[in-house]
Structures are given as structure tokens and as C-alpha cells.
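The values are calculated or read from the model by the stated rules, or taken from the named source; none is laboratory data. None of the values given here were measured: they were computed from a predicted structure. Methodologically, a virtual Cβ is constructed for each residue, glycine included, from the backbone with ideal geometry; neighbour enumeration extends over all protein chains shown.
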Amino acid sequence: MDIKNIDEAFGFATRSVHAGNEIDKDTGAIRRPITMANSYSLPYDPSDLNWSGAGDSLYTRNGGSNQRYLQDKLRSLHETEDCVTLASGVAALAGIFFAFLKSGDHVIVSDSTYVAVYRLLRELLPAKYNVESDFVDSADLEAVKAAVKPNTRLIHIETPANPTLKVSDIRSIADIAHENGALLSVDNTFASPFNQQPGKLGADITVESLTKYINGHGDAMGGAALGPKKLIDKIRAEAMVNLGGVISPFNAWLIMRGAVTLPLRMRQHNDSAMAIARFLSERPSVRFVAYPGLENHRGHSIAKKQTCRGFGGVLAFGLNAGHDDHNRFVSHLRVITSAVSLGHDESLIVFLGENDERQYLYPKEFHDGFFRLSVGLEDAADLINDMNQALAAANIL
């Protein structure tokens, strides 16, 4: 398959299979091999090489072959000009902040965000580099506008957001950013490119934690930043080559393999999460359910407008019960696993108690402890039955 012309000519599922892959010229294998090398052969006269360059194969910290194959696939799935893959989602996020922020700059951040982003922008970058950050309700466009300052260089949002499932209007926030000379970066991990493509909605940079849905098997870590080449080149040079946040060849190969089934898996995640969200919303023992696919979700109309195939596989909910009751409920689950992360083949649940350091930023219903549930690929009926029996065993009626 000629990957150079695959983007516009083929559908998402076909690109998931073929983009980034070619027949190996040395062996005839129809899958790209793992190239576990940290160094590549130099030309006859290497004296003019840029030893920090990321163009040709030189040294794996500057970019390796498996990394390039994966970048081709992800760029195709997001339909962006360029992509750089890094060691983790946090490496991609930190790479964006490192590449585009300097001392004295200001960042607007969604008040519902991944804990590493919270620490980077609330604690580490302000203390070490004098970068100013304001956490705002990114679902409130007037609040975003009001937070803009003359030195605002970046607006960073997650949508749907971790862990509250807040939905933000990407196109409208992109307009606010660009009217004020700032960039918009969007963490798209909860949606994946199957459900949402922020670059098509005006975002300058899209972030994916490849560890989650794109890999899909819970066995590899990686992150990606996608967007125009001039922006991605800056991240590639500064955050990958000079900070060393490169993805390993083996992880790139594993994620390349996992991405092939992304459309099949996301359909199941989407459908099962919707069924479970509806089930939970009808239970008297459930205090609240946050899932963008539910009509009563604050961001439902925006999510419906900017997601193309579904609402994702993650939801949050709380019980009409005390702290220990939440833990007892989890202890009785048989199919759902108590563990962090999301986007795996197996369903994962984590109890976030009343002392979460970001809790003051969350809506009131999240203040008494809640669950984040990543719905896996099991039969939805089995997951519902599992929650039913666990509620009964914990005497939460």
C-alpha cells in the first residue's frame, strides 16, 4: 500500500491498518520489523551533519525508524501535517510547554486536567521558570476570555477532561486563542482520533497519550503531539532531541500494532460506556453520573457537535454512600479491575477520594468521592451484572 496517498483516498479503518506500514525491503515481511538499534550508519563524509538533527536516521534519540512509522500512522489518523511521538503522554505535554513557553509567559489551563499537567503548570513551571498559569472553567467561554492577558501564549484544555468528563468547545476556544496571539493545545486522550480530531476544529496542537486507547492493550507507553510541521519541528528538536524524551523502538512497534484495531475497539468502548452510563443513571444508589453521551450532561450538545463517532469509553460516577462503602463496592467487583490508566481491553475503575489535590476545582458533586470507570471490551451485560452484584454485596441499595 502506498502510504503517501492514503489519507484522503481511504476511510479511517483502512488507514488504521495500512498507514505507516509497508513491505520490508530486506525480508519481504508485510509488517514493519522492530529495529532495536540506537545508532545508524553515517554517510561517507559525516562532517557536515547536524548532530542534533532529527531528519535522517542518525541516533535513536534523534528519531528511529519505528518511531517514524508510528508517526506516519498517527498523522494519517488525525489528518494533520506532522506528528512527533515521545516516551509518554506526559513527555508530550511537557514537551509542548517546554517548547512554547518562556519566563514571564502566561498559560490558561482547563480546571479539570490530568494531575501531571496540574503539577507542571501550577507548581513546577511557575517555581522554576516564572511561567504564570490560571486554571479556569474551560466550558465557560466568558471565563476563558476573561482570563486572557497580554502575555498569554498558550491555552491548554482536555476534552473530555480527566477525571470529570468536562467538555470544552474546541473551535470557540481556538478562536479566542488566535484572536489574542496564543496557541491552543488539546489533550485528546479520552476521545482518541476515532471520536475527535481537534486539528480539524482549530486546535494548533493535539496531544494523545498513546498508552491509552491508541495502544489499547495496557502493555506499552507513549505520547504524541500533532499539528503543523513548523510547530511539531520545534517540539521534536527541543523536547525530543535535547531533553531526550524519545519513545523506545519496542514501544513504538507495540503501539503501531495496537492502533490497527483502534476503530473496532472504540466502537465497543463507545457502545458499552453509553449502556453503562444509562444503567447507572437509573440506579437510586448512584449519586451522579458524568458522561458526555447522556443528554443531561452539561457539555452534551458541544460533544455531539465536535465528536464524529461517539462519546468515548470513560465515565465518572459517585454513590449515595460513605467513603468506605465506595471501597467495599470495588472490593466485590469480579470482572472490573481496580487499577489506574484507561483505554485498556479490560475495564478499570479507580476511587478518587475526598482529598484529591485538584478537588477544589471540580463541580460540587465530585467533592464526596467518586469513581472513574474506563469501560473495556467485555460484554456490556457482564459489566452491568458485575456492578449490580457488587452493589448488592456491599449493601448499597
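Evaluate the stretch 16-36: report whether one residue or more is assigned by TED's automatic domain parsing to the domain that holds G245, over 25 Å from P263 (Cα atoms) and surrounded by 14 or more Cβ atoms within 10 Å (Cβ to Cβ). Yes: the stretch 16-36 contains one or more residues that are assigned by TED's automatic domain parsing to the domain that holds G245, over 25 Å from P263 (Cα atoms) and surrounded by 14 or more Cβ atoms within 10 Å (Cβ to Cβ).
Across the stretch 40-68, the number of residues qualifying as of a type in the set (S, T, Y) and closer than 23 Å to I235 by Cβ comes to 6. Scanning the stretch 353-364 turns up no residue that is of a type in the set (A, V, I, L, M, F, W, C) and touching a Gly at 6+ places or on another chain (Cβ under 9 Å). When you look at S57, is it more than 21 Å from N188 (Cα to Cα), assigned to a helix (DSSP H, G or I) and assigned by TED's automatic domain parsing to the domain that holds T206, yes or no? No, not satisfied.
In the stretch 149-165, which residues are within 20 Å of A225 (Cβ to Cβ) and among the hydrophobic types (A, V, I, L, M, F, W, C)? Listed by number, the residues that qualify are L154, I155, I157, A161. For G218, the stated conditions hold: it is surrounded by 17 or more Cβ atoms within 10 Å (Cβ to Cβ) and closer than 21 Å to A316 by Cβ.
Restricting to the stretch 92-117, name every residue that is in contact with a strand residue (DSSP E or B) (Cβ under 8 Å, 6 or more places away or on another chain) and part of a helix (DSSP H, G or I). Result: A92, L93, G95, I96, F97, F100, V117. Taking the listed residues L210, L201, the one that is closer than 30 Å to E346 by Cβ and either modelled with pLDDT of 95 or more or in the same structural domain as T307 (by TED's automatic domain parsing) (or both) is L210, with no other qualifying. Go through the stretch 160-176 and give me each residue that's free of Cβ contacts under 8 Å to residues at least 60 places away in the same chain and not acidic (D, E). Selection gives A161, S172, I173, A174, I176. Checking the stated criteria, V186 turns out to be in contact with an Asp or Glu (Cβ under 8 Å, 6 or more places away or on another chain), free of Cβ contacts under 8 Å to residues at least 40 places away in the same chain, under 28 Å from A13 (Cβ atoms) and not in a helix (DSSP H, G or I).
Mind checking whether some residue in the stretch 332-342 is within 19 Å of the chain's Cα centre (by Cα), aliphatic (A, V, I, L, M) and surrounded by fewer than 22 Cβ atoms within 10 Å (Cβ to Cβ)?
Yes: the stretch 332-342 contains one or more residues that are within 19 Å of the chain's Cα centre (by Cα), aliphatic (A, V, I, L, M) and surrounded by fewer than 22 Cβ atoms within 10 Å (Cβ to Cβ).
Output the residue which, of all residues in the stretch 357-397 that are surrounded by 14 or more Cβ atoms within 10 Å (Cβ to Cβ) and hydroxyl-bearing (S, T, Y), is farthest from the chain's Cα centre (by Cα). Ranking the candidates gives Y362 first.
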